[in-house]
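**Q** This is the structure I want to talk about, given as structure tokens.
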Amino acid sequence: MPGASGAVIAAPSSGSGKTTLTLGLLRHFARGKVAVSSFKVGPDYIDPGFHAAASFRPCLNIDSWAMRPDTVSALFARAAAGADIVIGEGVMGLFDGAQTAPGTDTATSSGSTADTAALLGLPVILVVDAGAQAQSAAATVHGFATFRADVTVSGVIFNRVGSDRHAGMLRDAAVPLGIPVLGCIPRSPGIAVPDRHLGLVQASEMAALDAFLDAAADLVERHLDLEALKSILRAGGGGNAPPSTLSSPIPPPGQRIAVASDDAFRFAYPHVLDGWRAAGAEILPFSPLADDAPDPAADAVYLPGGYPELQAGKLAANTRFLSGLRDAAARDAVLYGECGGYMVLGETLTDADGQAHRMAGLLPVETSFAKRKLHLGYRNAALSADTPLGPAGSVYGAHEFHYAATVRLGDARPLFALSDAAGNDLGPAGLQAGRVMGSFIHLIDRR
């Protein structure tokens, strides 16, 4: 990727502050008229929305577990196209990933941030929460910097620093490591994004979003050595993965695909929609919350995940939307729902207060948030029968993340046979009734 430079922002653990720092850097470069692009490691729908708002450029997901290497290369090339700088934000701790099967080839990716940085040949900038330690933080940096020979930690940022004296102790302790300290960020409790049960609130729901992003940029400008950071970014080059053409991760379910898109149905991967467009399909967005029906000329309807449980009463009252789904099914269009979309294609959705709301009734399933239980992890999803998503036996790298429970499951063909990242059989998942299908599984890329 000629001209593009980059690095990955990572941390020893979740909650270290890498998202706020990444957003601050993106907004700093963007308001300085630098063409800055970004990607998010792993299956995250929410952080990319904040990245895009900060940089004014689309943010893509790169997932080295669920995606083929060619897909990873193509998406990084797309992120780098027209950019001077590419900043990736890691997921969880630097080396945290999926548990793979015993005896698995060590070259197989676990989906960790380290795997992605190594695959793309990008340096790592480590964000360390030093709020409850001083010199010991240097031992943390040393361990992370030496844990894997194929991962280069090129700089460290200490976060939640209590005072100038605290910062001095941290800097002095890091001197023997030979890793530059790019800055010491003070505790800043006023600069934070509110969260809910699936992570941060969505960028589109945050009224003071620009003020938050500008405050994050001000923070990094005051406390980071940005010239040293730019040197690391320039040294990072454009990655070592050869660019490749993005092939469609999932076959388009139709030629004219109506895609639900609003705050209740926001969890659609851009690379999937782009793949459908590249395959010749037309994408027709519509808003269920505005009581829009899918385009009557659409031969497929896609309901992605999101937060329909927070809008269940409104969705149940939106008769044009629900009637439009039923009309699409009656004219033999393909209807495909993932996670929240699957629940809306079902019969009822019970909210956290125990109130049941009538949904489209196109799949024999009832779901509930009255008793929340976390379902989380990578999945291998094999189609149980021939569908518009592919022939029977087709396998996808996928992800599951929800708190809903299935309280009733009627008689219909399962959509997938699942296994986890370690190869353990998880049984059937989802439903298929004619050309209506759905599951709690988010498809990422074909195997």
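**Q** Among (1) touching a strand residue (DSSP E or B) at 6+ places or on another chain (Cβ under 7 Å); (2) under 18 Å from Pro294 (Cα atoms); (3) surrounded by fewer than 22 Cβ atoms within 10 Å (Cβ to Cβ), there is one condition Ala330 misses while meeting the rest; what is its number?
**A** Only one criterion in (1) touching a strand residue (DSSP E or B) at 6+ places or on another chain (Cβ under 7 Å); (2) under 18 Å from Pro294 (Cα atoms); (3) surrounded by fewer than 22 Cβ atoms within 10 Å (Cβ to Cβ) is unmet by Ala330, namely (1).
**Q** Within the stretch 244-255, which residues are surrounded by fewer than 17 Cβ atoms within 10 Å (Cβ to Cβ) and over 22 Å from the mean Cα position of the chain (by Cα)?
**A** Hit for the stretch 244-255 is Gln255, nothing else.
**Q** Counting only residues that are modelled with pLDDT of 95 or more and among the hydroxyl-bearing types (Ser, Thr, Tyr), which one in the stretch 151-209 is farthest from Ser112 (Cα to Cα)? Quick ask: steps written out before the conclusion?
**A** Step one: list which residues in the stretch 151-209 are modelled with pLDDT of 95 or more, which gives 151-186.
Add one more test, that the residue is among the hydroxyl-bearing types (Ser, Thr, Tyr), and what stays is 152, 154, 163.
Numbers: Thr152: 14, Ser154: 18, Ser163: 33 Å.
Only one residue fits best here, namely Ser163.
**Q** Looking at Ala293, Ala258, Ala228, Ala316, which is the one that is buried (at least 17 other Cβ atoms within 10 Å of the Cβ), in a helix (DSSP H, G or I) and either outside the structural domain of Gly346 (by TED's automatic domain parsing) or in contact with a strand residue (DSSP E or B) (Cβ under 8 Å, 6 or more places away or on another chain) (or both)?
**A** Residue meeting the stated conditions: Ala316.
**Q** Next question. Just to check your reading of the model, which residue among Ala98, Ala35, Ala30, Ala80 is touching a residue at least 24 places away in the same chain (Cβ under 8 Å) and under 17 Å from the mean Cα position of the chain (by Cα)?
**A** Ala98
**Q** Shifting gears a bit: Somewhere in the stretch 125-140, is a residue outside any strand (DSSP E or B), of a type outside the set (Val, Ile, Thr), crowded, with 22+ Cβ neighbours inside 10 Å and within 17 Å of the chain's Cα centre (by Cα)? Full working, then the answer.
**A** Start the filter on the stretch 125-140 by keeping residues that are outside any strand (DSSP E or B), which leaves 130-140.
Going one step further and asking which of them are of a type outside the set (Val, Ile, Thr), we end up with 130-139.
Still in the running and crowded, with 22+ Cβ neighbours inside 10 Å: 130, 137-138.
In the following step, the residues that additionally are within 17 Å of the chain's Cα centre (by Cα) were identified as none.
No: zero hits.
**Q** Now for a separate question. Can you find a residue in the stretch 370-386 that is under 25 Å from Ala293 (Cα atoms), in contact with a strand residue (DSSP E or B) (Cβ under 8 Å, 6 or more places away or on another chain) and either of a type in the set (A, V, I, L, M) or surrounded by 15 or more Cβ atoms within 10 Å (Cβ to Cβ) (or both)?
**A** No, because not a single residue in the stretch 370-386 is under 25 Å from Ala293 (Cα atoms), in contact with a strand residue (DSSP E or B) (Cβ under 8 Å, 6 or more places away or on another chain) and either of a type in the set (A, V, I, L, M) or surrounded by 15 or more Cβ atoms within 10 Å (Cβ to Cβ) (or both).
**Q** Follow-up. Residues to consider are Pro43, Pro69, Pro48; find the one that is surrounded by fewer than 20 Cβ atoms within 10 Å (Cβ to Cβ) and either under 15 Å from the mean Cα position of the chain (by Cα) or on the phi < 0 side of the Ramachandran plot (or both).
**A** Pro69
**Q** Taking Glu366 as meeting all but one of (1) in a loop (DSSP other than H, G, I, E, B); (2) surrounded by 14 or more Cβ atoms within 10 Å (Cβ to Cβ); (3) charged (D, E, K, R), write down the number of the exception.
**A** (1)
**Q** Just to check your reading of the model, which residue among Gly337, Gly306 is in contact with a strand residue (DSSP E or B) (Cβ under 7 Å, 6 or more places away or on another chain), within 22 Å of Ala412 (Cα to Cα), in contact (Cβ under 8 Å) with a residue 12 or more places away in the chain and crowded, with 24+ Cβ neighbours inside 10 Å? First the steps, then the outcome.
**A** Working: Gly306 fails: within 22 Å of Ala412 (Cα to Cα).
Testing whether each residue is in contact with a strand residue (DSSP E or B) (Cβ under 7 Å, 6 or more places away or on another chain), within 22 Å of Ala412 (Cα to Cα), in contact (Cβ under 8 Å) with a residue 12 or more places away in the chain and crowded, with 24+ Cβ neighbours inside 10 Å leaves just Gly337.
**Q** Continuing with the same structure: Out of the residues in the stretch 417-434 meeting the condition of being farther than 16 Å from His375 by Cα and buried (at least 21 other Cβ atoms within 10 Å of the Cβ), tell me which one is nearest to the chain's Cα centre (by Cα).
**A** Checking each candidate, the answer is Leu431.
**Q** Being under 22 Å from Ile62 (Cα atoms), of a type outside the set (Val, Ile, Thr) and modelled with pLDDT under 95: is that true of Ala278 here?
**A** So Ala278 passes the test.
**Q** Filtering the stretch 124-171 down to residues that are in contact (Cβ under 8 Å) with a residue 12 or more places away in the chain and among the acidic types (Asp, Glu), which residue is nearest to Leu233 (Cα to Cα)?
**A** Asp150
**Q** Against the condition at pLDDT 95 or above and touching a Cys at 6+ places or on another chain (Cβ under 7 Å), how does Gly305 come out, does it pass?
**A** Numbers: at pLDDT 95 or above: yes; touching a Cys at 6+ places or on another chain (Cβ under 7 Å): yes.
Yes.
**Q** I'm trying to understand the selection: among the residues of the stretch 373-416, which are in a strand (DSSP E or B), under 23 Å from Phe267 (Cβ atoms) and over 21 Å from the mean Cα position of the chain (by Cα)? First the steps, then the outcome.
**A** Going through the stretch 373-416, the residues in a strand (DSSP E or B) turn out to be 375-383, 387, 390, 395-402, 405-409, 413, 416.
Then keep just the ones that are under 23 Å from Phe267 (Cβ atoms); that gives 375-383, 387, 390, 395-402, 405-407, 409, 416.
Answer for the stretch 373-416, where residues must be in a strand (DSSP E or B), under 23 Å from Phe267 (Cβ atoms) and over 21 Å from the mean Cα position of the chain (by Cα): Ala382, Leu383, Thr387, Gly390, Ala405, Thr406, Val407, Leu409, Phe416.
The values are calculated or read from the model by the stated rules, or taken from the named source; none is laboratory data. What you see is a predicted model, and the numbers here were worked out from it, not measured in a lab. Ideal geometry is used to build each Cβ from the backbone, glycine not excepted, and the neighbour counts take in all protein chains shown.
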